[in-house]
Amino acid sequence: QVQLVESGGGLVQPGGSLRLSCAASARMFSIYVMGWYRQAPGKQRELVATIISGGITNYADSVKGRFTISRDNSKNTVYLQMNSLKPEATAVYYCNADNRIVRYWGQGTQVTVSS
């Protein structure tokens, strides 16, 4: 069983920045594909970004160039740096850990982009 705890969400003005963190309890953290997903009210959960242990990343087109996913395997932590935030980024952001057998989810952290 893997526990994922997200932090760093909050209220930010359009154009602002936030940094989300996700701490994982997983042993052998480095083998997991780590990802961030988000779910806005009334919408399906969608991929934001993923990162594998070697550092290869994948982003949704809507966040490319503004969001950066990174991981620190020594701290069992994955980050999402979000810059130039837009109101449409308002959602609950979920951390995901995938070992290609089981997927684990965090409880989510709310991000609200509003003036």
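Just so you know, all these numbers are worked out from the coordinates, no wet-lab data involved. Owing to the predicted nature of the structure, the values given are computational and were not obtained by experimental measurement. Every residue, glycine as well, gets a Cβ built from its backbone with ideal geometry; the counts of neighbours run over all protein chains shown.
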Report task. Could you work out which residue, out of Leu20, Leu11, Leu85, moves most in a Gaussian network model of the chain, that is, has the largest mean-square fluctuation with Cα springs under 10 Å? Result -> Leu11
Query - the chain - Rg (one decimal) and Dmax (whole number), Cα, Å - result: 13.3, 42
Query raised in the report: Can you list the trypsin sites (Lys or Arg not before Pro) in region 46-102 that are in a DSSP coil and have 12 or fewer other beta carbons within 10 angstrom?
Result: Lys64, Lys75, Arg100
Report summary line: Per the 1/(1 + (r/R0)^6) rule, R0 = 25 Å and r from the Cβ atoms of Leu47 and Ala23, FRET efficiency to 0.05 is 0.75
Query raised in the report: Restricting attention to the alpha-carbon atoms of region 64-115, what are Rg (one decimal) and Dmax (integer), both in Å?
Result: 13.0, 42
**Report entry** Net charge of Cβ neighbours under 12 Å - reference Val92; Lys, Arg +1; Asp, Glu -1
**Finding:** +1
